Amino acid sequence: GALASIDAAVLAGTNPQTVNVDPSGKFVYVTNYTSRNVTAFNINDSTGALTPLADVVHVATRLGPMSMAMTKGAAPLAFTPKYAYVANQVSGDVSAFGINASTGALASLGAVIGAGSEPYFITADPRGRFVYVANSRSGNVSAYKITVGTGVLTAVGAPVGSGNFPVSMAADPSGRFLYVCNGGTGSENIATFAIDASTGALGLVGAPIAAGNSPFSITVDPTGQLLYAAVANSGNVLAFAINPNTGALAALGPVVTGSIPSFVLAHPAGNFVYVTTSSLTSYAINYATGALMTVGTPVPGGGFSSGTVADPTGRYLYQFYSGISAYKINPLTGDLVPTTGGVSGSNLNFKQLTVEQSGRFAYSVGSSGVTTFAGVATFALNPSTGALTAVGAAEPAGTTPKSIVTTGSWQ
């Protein structure tokens, strides 16, 4: 019964509590109390040695994980993309598309529904039941319910006032709260709304919280503990703690300073945040304080109009505007390594890029300068390299498509 070491010790997080072997005997998971995450390892079939998972090593959790339970299903969970919705800024409406789950190709549902004045941003709740549109000119948010089986949108009451010039939104991972970033003079704040679980209707939670001078982008970390806002004219990124019961925000102060931050994105597994200024910089999250610490070397940024999106596995990050730049994400450090998997050409102008939850397809809107990508363009995402390849011709949407969101179901 004597034990013999089979390999050198491997690093987990800070203050590890429990070790769990999955039912298949292929993986080990360690809960780390102080660093608030779970570390994942592969088990070598021959030697029993542990090696960190290649894609995502640490997955963020809420405060102080002590233990975890595991079960074995009949088959792995799989996401099926079903619908895509596009907010059209000038025509003031939303276009709806069905997604071919095998090819990623889009087909118009023939249903265009009105929004407010100059819709600027569109998002959905995490369960894919409701869609929300921020209308920049009319200063409100339109809510819609997705019809099961058809994808057709039905308006949920009248648009709800949010503030002056709403430009960005983020739902918390529980799907209970929606945060709206108002960037216009006289507001410059973040409004919190509770989402009615049955109807999708929005109810304002307290008063909006101040967010500096010209907030432009917000993101919620995947554990639902923190919200970050890129505040352009203040030259910083603000951090807010999220009340887990009410959704209310509490200011933690500026955590990053720099010239005109225009976009902020939380990594899908937590732990890291990416901020776009004249460069694109990676930061590690301190979950105890909300502070951000620079990691790695910044890569060239696209300037004020550019944005970023990560694939759901957290392996790749894409920066879009006058083309699409692709990066491999270091799973341990969050650092970015440029790859050749992007999209380049002349007169490109991507307003937004999104990757659906299966991680197989990406969709862009707004590149009116090139016929190939005008309207809504579809790309296949290579899971091994992160490279994007155009799929078929772009689908027409309304006038000046500005933002896109996809939904589907887990099975």
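The values are calculated or read from the model by the stated rules, or taken from the named source; none is laboratory data. Bear in mind that the values here come from a model prediction, so they are computed numbers and not experimental data. No Cβ is skipped: glycine too gets one built from the backbone with ideal geometry, and neighbour counts run over all protein chains shown. The area values use the complete protein model at the heavy-atom level, side chains included, leaving out ligands, DNA and RNA. Shrake-Rupley method; radii C 1.70, N 1.55, O 1.52, S 1.80 Å.
Before moving on, here are some points about what is shown:
- DSSP loop trypsin sites (Lys or Arg not before Pro) with at most 16 other Cβ within 10 Å: longest gap in the chain: 138-411
- Accessible-area composition of the chain, carbon plus sulfur, in percent [1.4 Å probe]: 56
- If R0 equals 60 Å, the separation of the Cβ atoms of Val90 and Ile6 corresponds to a calculated FRET efficiency of about 0.40.
- Heavy-atom surface of the chain, accessible at 1.4 Å and reported per residue (Å²): 42
- Database remark: amide H of Asn37 closer than 5 angstrom to the amide H of Asn32, Thr61 (H placed geometrically; neighbours at sequence offset of 5 or more, or on other chains; Pro and chain starts carry no H).
- Cα centroid of region 258-310 to Cα centroid of region 323-342, whole Å: 13
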